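See structure below.
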Amino acid sequence: MNSSNTSIQYQNNAFTGLNKAQVEAVETLEGPLLMLAGAGTGKTRALTSRIAHLIATDTAKPNQILAVTFTNKAAREMRERVDSMLNASISGLPWLGTFHAICAKLLRRHAELIAVEETESSKPNIHLKSDFTILDTLDQIRLLRQVLAEKRIDPQLLSAKELLRHIDNWKNRAVLPAAVSESDVAGLPEEVTACYAAYQQRLIELNAVDFGDLLLHMVKIFQTQPRILQKYQHWFRYILVDEYQDTNVVQYMWLRLLAAKHKNICCVGDDDQSIYGWRGARLENILNFEANFPGCHVVRLEQNYRSTPHILAAAAAVIRQNKNRLGKELWTSEEFGEKVRLVAHYDGSEEAYWIAENIAMLHLGASGMPPFALKDIAILVRTTYQMRAFEDAFLQHQLAYRVVGGLRFFERAEIRDAIAYLRLALSATDDLAFERIVNTPKRGIGDVRKQKIEQCARSNHVSLFEGTRIVIETGEIKGKEAKALNSLLQMISKWNELVRENRETSVELTQRILDESGYVQMWKNDLTPEAPGRVENLEELVNSVGEFQFLQDFLDHVSLVIDNDSDREEDKVTIMTLHAAKGLEFPVVFLPGWEEDLFPLQRVAKESGTLGIEEERRLAYVGVTRAEKICTISYADNRLKFGEWEARIPSRFINDLPDANIKVVSDSNAVDYDQDETSWDSQLEVQAASANVYNSPGWRRLASRGGVNDMAPPPKKNKSRMIADDSSQFAVGQRIFHQKFGYGSIFAIDGDKVEVNFEKSGQKKLLASFVYDLDNIPI
DNA sequence: TTGTGGGTCTTTTTT
DNA sequence: AGACCCACAA
């Protein structure tokens, strides 16, 4: 790196809220540095500048900088920005990533230092090997189910899911099985600690780690191996942490250990945006930073460059209600902008409809305002199940959308199966993978034969792979099932060899594995409507393997790095949870479902009381501050819950919004909006929620007294659904649309089913209710 | 062993 | 309303 590289332009970096000394601190200061930065103040930009400056001045080499981000997306963006600031692709920064990704990399180097102690004299010590597999939540649950069954604990009393929650929690706080305290297990069956211990032991036996272990193991190694710790302490000259308010106990320990030598730790965070308390994040980490890292500098970033004054004021009013905060007031030099819009709806689907229509108008550029691209618009929901209503509404309005964080690519069954095959190709002893695919495709191995294999493996202290071999040899399983199993074993051995020889590329290997196993064929033979999509996903999987030289790297990537919004460049409306929206910004934001019990979520209030409500409030703050220009909050009077209609009360957060900064939108007061220069056409408002007495301007007062829902009528059936209820609406030759198969035309009608010739997916016979009538869609 | 139907329970938020 | 689990039949 050329040390005279001065291409970094700080005056462009929007630090005008800082004085010269502060800018210098942000760029170059040695020693602990805390940046307290509000929403939209450019904190990540500040971190980026610091990294670029360190490299440009040759203060540190790229690989001596440890930079931790909260998401992989943030890491990728930071890397891109550093590159562009340095005006070069430095292709360095190997230690930029999430805590988990960085720890996985470190642990691959030192895994063998982690062992389970000898428990039975017959068993040798077992060490973790560097080719360990990283389990995801679904694997963990499977494993915990086994543990619970072994300990004969009634799943009603303690479900695997609940146990996982507790174990996660303990791991986040660095509580090992031996250190679980009385208060940790209060109200739980007493065997729960033994379950935790058994789970940990099983993990090592399986040569596997879970997400929590990645960090926990590294802290353990650092604590017990001074030489290794010193090596990394020495190596990482500068440590930078983004979203510091969301770090947990283990992450804090890990950072402290690594920062102890150079003490160049620079953390950025906003106490008002701490929304991961449920996952072990400790607000104390940021509140006590100055005490934990003596002699630290504190820089405050309070100028907001993102939102209009009304949006900022509304957000501030909401967060001001929290007691537990450092307290800061954001300001902006912007003077104009829309007020925050507030809309009441009759029910959930009407809310989705209204928003879809409103988005369509914004996109078309309903006068006054320039048209917004769809990718500039986001809908932020509290829970994932709220997303469905919007998908429905968007399909019918033919608006392109993308769901972030719903079902993730690698969580789909076919991808998990395929990955199980890849894991076996790397290591035949991967029992979890083996168990997953012994009978996929079907090989006639049901519960009985599975158990035979398992018992055999266990009593011989070998893997399921070996166990299967023994079971065939002894004739415990014979006939065509034995034959099928035998060919599976041979395939796996062959793949193991091919991987070892390393002569085929990762893509060739993957293609071969999926073909030879008969897995792709299985889906090609499948006649269910999802099958073609699954085959497509498998093809996509093969393609993405190509980016990696080794399968192992690919598998790490899948479990640690993959981000679920690959098509972010496409012009689509984003639908995501408030949590997933952290760190992002959009010109137009919709915040639906601001109702008591949903937001704030009932369970949070029940389980965590006031602290929980404060976190929900911070979530509301995060939501509002994502918006640059237009922010629309809404709620529904009635909502379908578990198939039953339920009357709803507006969220308490709505009452915190100052009248001066909001505009209640409905048809009855459609023309009642500001006439400042950025105002837009009343057409928008005319499209507002359907007439209903609760949409009157005074609804908020009513609502705050709880009056609205006492009078709520039974929900009416929704108007003008464009989904066909039966095939009688269709005629042969008609053009239709299907969510999965796209466009097509009907060539036959059979009762409530239609036969369709799809442009892309060929001929299918489906229920008419899944088909959209193209001639009848509004707009 | 696999497919079906009727009964149950369901909804946090994620690296 | 939909996903999931269990009991029973083929």
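What pairs come up if the first residue lies in segment A:645-662 and is without any contact (Cβ under 8 Å) to a residue 40 or more places away in the chain, the second is in a helix (DSSP H, G or I), and their beta carbons are under 9 Å apart, counting only those six or more places apart or on different chains?
A:659/A:700
Test each condition in (1) more than 16 Å from DNA strand C (Cβ to nearest atom); (2) under 24 Å from residue A:560 (Cβ atoms) for residue A:182 and report the one that comes out false.
Of (1) more than 16 Å from DNA strand C (Cβ to nearest atom); (2) under 24 Å from residue A:560 (Cβ atoms), only one is false for residue A:182: (2).
Any idea how many residues of segment A:438-456 are away from DNA strand C (no atom under 16 Å from the Cβ) and within 17 Å of residue A:146 (Cβ to Cβ)?
6
Among the candidates A:638, A:655, which residue alone is outside any strand (DSSP E or B), modelled with pLDDT of 50 or more and either more than 16 Å from DNA strand B (Cβ to nearest atom) or surrounded by 15 or more Cβ atoms within 10 Å (Cβ to Cβ) (or both)?
Of the residues listed, the single one that is outside any strand (DSSP E or B), modelled with pLDDT of 50 or more and either more than 16 Å from DNA strand B (Cβ to nearest atom) or surrounded by 15 or more Cβ atoms within 10 Å (Cβ to Cβ) (or both) is A:655.
Would you check which residues across segment A:135-172 are touching a residue at least 60 places away in the same chain (Cβ under 8 Å), buried (at least 16 other Cβ atoms within 10 Å of the Cβ) and farther than 26 Å from residue A:247 by Cα and list them?
Scanning segment A:135-172 gives a single hit, A:143.
Each row is one residue, and each column tells you yes or no for (1) touching a strand residue (DSSP E or B) at 6+ places or on another chain (Cβ under 6 Å); (2) within 15 Å of DNA strand B (Cβ to nearest atom); (3) at negative phi; (4) of a type in the set (Val, Ile, Thr).
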residue	(1), (2), (3), (4)
A:131	no, no, yes, no
A:146	no, no, yes, no
A:155	no, yes, yes, no
A:166	no, yes, yes, no
A:175	no, no, yes, yes
A:185	no, no, yes, yes
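Keeping to segment A:615-635, report how many residues are outside any helix (DSSP H, G or I) and either within 16 Å of DNA strand C (Cβ to nearest atom) or free of Cβ contacts under 8 Å to residues at least 40 places away in the same chain (or both).
Of the residues in segment A:615-635, 0 are outside any helix (DSSP H, G or I) and either within 16 Å of DNA strand C (Cβ to nearest atom) or free of Cβ contacts under 8 Å to residues at least 40 places away in the same chain (or both).
Out of all the residues in segment A:183-211, which are buried (at least 17 other Cβ atoms within 10 Å of the Cβ) and touching a Phe, Trp or Tyr at 6+ places or on another chain (Cβ under 8 Å)?
Within segment A:183-211, A:196, A:207, A:208, A:209 qualify.
Quick check: anything in segment A:585-592 within 15 Å of DNA strand B (Cβ to nearest atom) and at negative phi? Let's see the steps before the verdict.
Looking only at segment A:585-592, we keep the residues that are within 15 Å of DNA strand B (Cβ to nearest atom), and these are A:591-592.
With the extra rule that they be at negative phi, the set shrinks to A:591-592.
Yes, because at least one residue in segment A:585-592 is within 15 Å of DNA strand B (Cβ to nearest atom) and at negative phi.
Against the definition (farther than 15 Å from residue A:136 by Cα and under 26 Å from the mean Cα position of the chain (by Cα)), how does residue A:209 come out, yes or no?
no
Is it fair to say residue A:481 is within 16 Å of DNA strand C (Cβ to nearest atom), more than 38 Å from the chain's Cα centre (by Cα), in a helix (DSSP H, G or I) and under 29 Å from residue A:511 (Cα atoms)? Quick ask: steps written out before the conclusion?
Numbers: within 16 Å of DNA strand C (Cβ to nearest atom): yes; more than 38 Å from the chain's Cα centre (by Cα): yes; in a helix (DSSP H, G or I): yes; under 29 Å from residue A:511 (Cα atoms): yes.
The answer is yes for residue A:481.
When you scan segment A:368-386, how many residues do you find that are of a type outside the set (Val, Ile, Thr), under 14 Å from the mean Cα position of the chain (by Cα) and assigned to a loop (DSSP other than H, G, I, E, B)?
Total meeting the criteria: 1.
Each row is one residue, and each column tells you yes or no for (1) within 14 Å of DNA strand B (Cβ to nearest atom); (2) of a type outside the set (Asp, Glu); (3) touching a residue at least 40 places away in the same chain (Cβ under 8 Å); (4) not in a helix (DSSP H, G or I).
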site	(1), (2), (3), (4)
A:388	yes, yes, no, no
A:394	no, yes, yes, no
A:405	yes, yes, yes, yes
A:414	no, no, yes, no
A:423	no, yes, yes, no
A:428	no, yes, yes, yes
A:441	yes, yes, yes, yes
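Residue under question is residue A:605, and the condition is that it be among the small types (Gly, Ala, Ser) and over 30 Å from residue A:420 (Cα atoms); does it hold?
The answer is yes for residue A:605.
Given (1) within 16 Å of DNA strand B (Cβ to nearest atom); (2) within 19 Å of residue A:519 (Cβ to Cβ); (3) of a type outside the set (Lys, Arg), identify the lone condition not met by residue A:482.
Checking residue A:482 against (1) within 16 Å of DNA strand B (Cβ to nearest atom); (2) within 19 Å of residue A:519 (Cβ to Cβ); (3) of a type outside the set (Lys, Arg), the one that fails is (2).
Tell me, which helices (runs of 4 or more DSSP H) wholly within segment A:519-596 include 1 or more residues that are touching a strand residue (DSSP E or B) at 6+ places or on another chain (Cβ under 8 Å), away from DNA strand C (no atom under 16 Å from the Cβ) and in contact (Cβ under 8 Å) with a residue 40 or more places away in the chain?
The helices (runs of 4 or more DSSP H) meeting that bar are A:551-556.
Select from segment A:180-207 the residues that are in a loop (DSSP other than H, G, I, E, B) and under 20 Å from residue A:427 (Cβ atoms) and write down the one among them that is modelled with the highest pLDDT. Quick ask: steps written out before the conclusion?
Here is the first cut: in segment A:180-207, the ones in a loop (DSSP other than H, G, I, E, B) are A:180-182, A:186-191, A:206-207.
Checking which are under 20 Å from residue A:427 (Cβ atoms) leaves us with A:206-207.
Working: A:206: 88, A:207: 91.
It comes out as A:207.
Checking the condition β-branched (Val, Ile, Thr), more than 36 Å from the chain's Cα centre (by Cα) and closer than 28 Å to residue A:559 by Cβ, which residue from A:462, A:471, A:438 passes?
A:462
Only residues that are farther than 21 Å from residue A:323 by Cα, more than 12 Å from DNA strand B (Cβ to nearest atom) and charged (D, E, K, R): list them for segment A:595-635, please.
Those that are farther than 21 Å from residue A:323 by Cα, more than 12 Å from DNA strand B (Cβ to nearest atom) and charged (D, E, K, R): A:626, A:628, A:629.
Do any residues in segment A:26-42 that are surrounded by fewer than 23 Cβ atoms within 10 Å (Cβ to Cβ) have Cβ atoms under 7 Å from those of residues that are among the basic types (Lys, Arg) and in a helix (DSSP H, G or I), where the two are at least six apart or on different chains, and which pairs are they?
Listed pairs, sorted by first residue: A:27/A:50.
Being under 24 Å from residue A:41 (Cβ atoms) and β-branched (Val, Ile, Thr) is the filter here, so list the residues in segment A:616-664 that pass it.
Correct list: A:622, A:624, A:625, A:630, A:632, A:633, A:662.
Specify the residue that is surrounded by the fewest Cβ atoms within 10 Å (Cβ to Cβ); the eligible residues are those in segment A:641-652 that are within 16 Å of DNA strand C (Cβ to nearest atom) and part of a strand (DSSP E or B). Show your work before the answer.
Taking segment A:641-652 as the starting set, the residues that turn out to be within 16 Å of DNA strand C (Cβ to nearest atom) are A:641-646.
If we keep only those that are part of a strand (DSSP E or B) too, we end up with A:641, A:644-646.
Working: A:641: 13, A:644: 7, A:645: 14, A:646: 14.
Per the criteria, the residue is A:644.
Residues that are under 30 Å from residue A:349 (Cβ atoms) and surrounded by fewer than 18 Cβ atoms within 10 Å (Cβ to Cβ): does segment A:454-472 have at least one? Step through it out loud before you land on a result.
Restricting attention to segment A:454-472, the residues satisfying the condition of being under 30 Å from residue A:349 (Cβ atoms) are none.
No - not one qualifying residue is present in segment A:454-472.
The values are calculated or read from the model by the stated rules, or taken from the named source; none is laboratory data. All figures in this text were calculated on a predicted structure; none of them were measured in a lab. Quick reminder, even Gly has a Cβ in these numbers, built from the backbone with ideal geometry, and neighbours come from all protein chains shown.
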